[in-house]
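The values are calculated or read from the model by the stated rules, or taken from the named source; none is laboratory data. A quick note: this is a predicted structure, and the numbers were derived from the prediction, not measured. Here the Cβ positions follow ideal geometry from the backbone for every residue, glycine too, while neighbour counts run over all protein chains shown.
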Amino acid sequence: MMPRRLGFVTIGQSPRDDIVPAMMQYLPREIEVLQAGALDGVDSASLAALAPEPGEYVLTTRLAGGGAVTVARRHVLPRLQAAVSRLAEQRAEIVAVLCTGTFPDLEAPTLLIEPEKVFHGFCAGVVGKGHLGAIIPLPAQVAQAETRWRAAGVRSTVVAASPYGGRSALEEAAQRLKEARVAAVALDCFGFTEEMRSRVREIVGKPAILANAYLARALAELLAG
């Protein structure tokens, strides 16, 4: 009997060895994991053409070599759809997007999990009418993140600190959220790690919700039995 297959699709380049191994601790051992990336095979010269223009929906992600890149959603979306389709063709039972961004009209012939929907819903349920702190990677993403949290019915303070940068920016962002007296913190990017979560919680003194860990636990529930 073939093992059950789970597909992970990143908006950057696969494999995401910086986050997927940590997610695996929550998943059934017999699961076969497949990965695909929207930017797989895209060279550095072509990446430059994917950069966002002023006012566009901005995304940032990790490349296979470990560096980060900032791209416009409109450039990534068709490539992301193609990556989702590749995983579906490989008979992935579930395809999960490794990004908390919003991707209109993304579809698959199998179960497709978009973390923006489940993660934001969970965080909204946690804080209720309280105050959520959110950390996103780039200052250019603050306004779009505020809009997403507002649409989820959440009162938020959004600050920027890239998971692909230095530790001091993250600590500064956490300090700002402490001063804002938030009830909980959403680490609103898949690049954040357990170590980063621990540091944010230490500074803020409130629960810190890690997007990739939350998705892994949700997937474990879907794959149970």
Quick check on VAL127: is it under 28 Å from ASP17 (Cα atoms) and either in contact with a Leu (Cβ under 7 Å, 6 or more places away or on another chain) or modelled with pLDDT of 95 or more (or both)? no
Expected output for the range 76-97 (first residue crowded, with 16+ Cβ neighbours inside 10 Å, partner modelled with pLDDT under 95 and assigned to a helix (DSSP H, G or I), Cβ below 7 Å, 6+ apart or cross-chain) is ILE94/LEU222; VAL97/PRO115
Specify which of the listed residues (ALA68, ALA48, ALA22, ALA38) is of a type in the set (Gly, Ala, Ser), surrounded by fewer than 11 Cβ atoms within 10 Å (Cβ to Cβ) and either closer than 28 Å to ARG148 by Cα or modelled with pLDDT of 95 or more (or both). ALA48
Among the candidates ALA83, ALA124, single out the residue that is more than 21 Å from LEU187 (Cβ to Cβ) and among the aliphatic types (A, V, I, L, M). ALA83
Can you name every residue in the range 45-75 that is in a helix (DSSP H, G or I), without any contact (Cβ under 8 Å) to a residue 24 or more places away in the chain and charged (D, E, K, R)? ARG74
Can you tell which of ALA96, ALA108, ALA134, ALA92 is assigned by TED's automatic domain parsing to the domain that holds LYS178 and not β-branched (Val, Ile, Thr)? ALA134
Filter result (in contact with a Gly (Cβ under 6 Å, 6 or more places away or on another chain), without any contact (Cβ under 8 Å) to a residue 40 or more places away in the chain and outside any loop (DSSP other than H, G, I, E, B)) within the range 131-182: THR157
